[in-house]
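Peer 1: Below is a structure I'd like to ask you about.
The values are calculated or read from the model by the stated rules, or taken from the named source; none is laboratory data. Just so it is clear, the model here is predicted, and its values are computed rather than measured. Cβ atoms come from the backbone with ideal geometry, glycine included; neighbour counts cover every protein chain shown. These area figures cover heavy atoms from the full protein model, side chains too; ligands, DNA and RNA do not enter into them. Shrake-Rupley method; radii C 1.70, N 1.55, O 1.52, S 1.80 Å.
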Amino acid sequence: MNTEEINLLTKRALSGDKKSLLEILNFLEKFDQPLTRFASYSILYQFAFNSLYDIGKYCEECGGKCCKSGDPIQVFNFDYEEIKKMGGDVGRLRKNGKIHLLSRPCPFQNGWACSIHKFKPYSCLSYPFATEDEQMIVIKEYKDGIPDFKVPEFCTSGKVVKDRLNNVEKELREKLGRIPSAKEILEFLMKEKT
Ligand code: SF4
Ligand code: SF4
């Protein structure tokens, strides 16, 4: 897989597609390196954040701070095409050379919510666990096990999801006598949901 294919597959996984999630976790598992282990857990935590837990009330209380300030967000070509196809106003995006960017405060934010939620860019779907900028220090120090993900103080949703998943991991670790893989945590979460 080339980088664009990996990014596209990850975006599908982060959008809630379990088949793509399993595909990307299987792909990463083959490498068994600290960075790929980190990526597996961050994609899993982010998938749970986006698709398994009802975090809307926390985001509403927060007022959508993550979309209000910060550096511009990169919009990949496949994001751009999807926004355009779905009728989003791509004229609101900024251009820097060949790269499309989303400024913050984000022009697609409506109150606390995202007006293009169903087709928002990869970078937005990655917040906070799979955003490299947020996790830079954690990535640098990471060796093994569940990363101690850095969640901004104001992001209550992130803190709630991190606590829940860390508890699931602890329970599984006690049961298995070792650190569970991202796939094992996913299996547990899916059973819990049914
Ligand atoms: S900062 Fe966190 S709690 Fe606030 S809107 Fe963004 S994801 Fe939700
Ligand atoms: S596109 Fe949506 S999720 Fe992304 S920054 Fe804008 S309002 Fe936030």
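Peer 1: Could you tell me how many of the residues in region 174-189 are farther than 16 Å from Val161 by Cβ and either open to solvent by less than 50 Å² (accessible area, probe 1.4 Å) or β-branched (Val, Ile, Thr) (or both)?
Peer 2: Filtering region 174-189 down to residues farther than 16 Å from Val161 by Cβ leaves 174-181, 183-184, 187.
After this cut, where a residue has to be either open to solvent by less than 50 Å² (accessible area, probe 1.4 Å) or β-branched (Val, Ile, Thr) (or both) as well, the list is 179-181.
Qualifying residue count for the region: 3.
Peer 1: Scan (1) without any contact (Cβ under 8 Å) to a residue 12 or more places away in the chain; (2) open to solvent by 60 Å² or more (accessible area, probe 1.4 Å) for the single condition Val90 breaks and write down its number.
Peer 2: (2)
Peer 1: Out of curiosity, is Ser157 open to solvent by less than 40 Å² (accessible area, probe 1.4 Å) and away from ligand 1 (no atom under 16 Å from the Cβ)?
Peer 2: Numbers: open to solvent by less than 40 Å² (accessible area, probe 1.4 Å): yes; away from ligand 1 (no atom under 16 Å from the Cβ): no.
Against the criterion (open to solvent by less than 40 Å² (accessible area, probe 1.4 Å) and away from ligand 1 (no atom under 16 Å from the Cβ)), Ser157 does not qualify.
Peer 1: Determine whether region 11-26 contains at least one residue that is under 28 Å from Ser103 (Cα atoms), open to solvent by 40 Å² or more (accessible area, probe 1.4 Å) and without any contact (Cβ under 8 Å) to a residue 24 or more places away in the chain. Step through it out loud before you land on a result.
Peer 2: Step one: of region 11-26, the residues under 28 Å from Ser103 (Cα atoms) are 11-17.
Subset that is open to solvent by 40 Å² or more (accessible area, probe 1.4 Å): 12, 15, 17.
Still in the running and without any contact (Cβ under 8 Å) to a residue 24 or more places away in the chain: 12, 17.
Looking through region 11-26, at least one residue is under 28 Å from Ser103 (Cα atoms), open to solvent by 40 Å² or more (accessible area, probe 1.4 Å) and without any contact (Cβ under 8 Å) to a residue 24 or more places away in the chain.
Peer 1: I want to confirm something. Restricting to region 27-57 and keeping residues that are of a type in the set (Ser, Thr, Tyr) and open to solvent by 30 Å² or more (accessible area, probe 1.4 Å), which single residue is farthest from Ser123 (Cα to Cα)? If you could, list the steps in order and put the result at the bottom.
Peer 2: Going residue by residue through region 27-57, those that are of a type in the set (Ser, Thr, Tyr) are 36, 40-42, 45, 51, 53.
Next, only the ones that are open to solvent by 30 Å² or more (accessible area, probe 1.4 Å) stay: 51, 53.
Numbers: Ser51: 16, Tyr53: 19 Å.
Among them, the one singled out is Tyr53.
Peer 1: Moving on. Kindly establish whether Ser126 is of a type in the set (Ser, Thr, Tyr), open to solvent by less than 30 Å² (accessible area, probe 1.4 Å), out of contact with any strand residue (DSSP E or B) (no Cβ under 9 Å at 6 or more places or on another chain) and in contact (Cβ under 8 Å) with a residue 40 or more places away in the chain. Step through it out loud before you land on a result.
Peer 2: Details: of a type in the set (Ser, Thr, Tyr): yes; open to solvent by less than 30 Å² (accessible area, probe 1.4 Å): yes; out of contact with any strand residue (DSSP E or B) (no Cβ under 9 Å at 6 or more places or on another chain): yes; in contact (Cβ under 8 Å) with a residue 40 or more places away in the chain: yes.
Judged against the criteria, Ser126 is a match.
Peer 1: Looking at region 55-78, I want the residues that are near ligand 1 (Cβ under 9 Å from one of its atoms) and have a partner that is among the small types (Gly, Ala, Ser) with Cβ atoms under 7 Å, at least 6 apart or on another chain. Which pairs are those?
Peer 2: Ile55/Ser157; Tyr58/Ser157; Cys59/Ser157; Gly64/Ala113
Peer 1: So which of Asp163, Asp148 is surrounded by fewer than 16 Cβ atoms within 10 Å (Cβ to Cβ), modelled with pLDDT of 95 or more and not in a helix (DSSP H, G or I)? Spell out the reasoning first.
Peer 2: Values: Asp163 fails: not in a helix (DSSP H, G or I).
The unique qualifying residue is Asp148.
Peer 1: Would you confirm, using the coordinates I've provided, whether Lys143 is farther than 22 Å from Glu82 by Cα and open to solvent by 20 Å² or more (accessible area, probe 1.4 Å)?
Peer 2: Working: farther than 22 Å from Glu82 by Cα: yes; open to solvent by 20 Å² or more (accessible area, probe 1.4 Å): yes.
Criteria met by Lys143.
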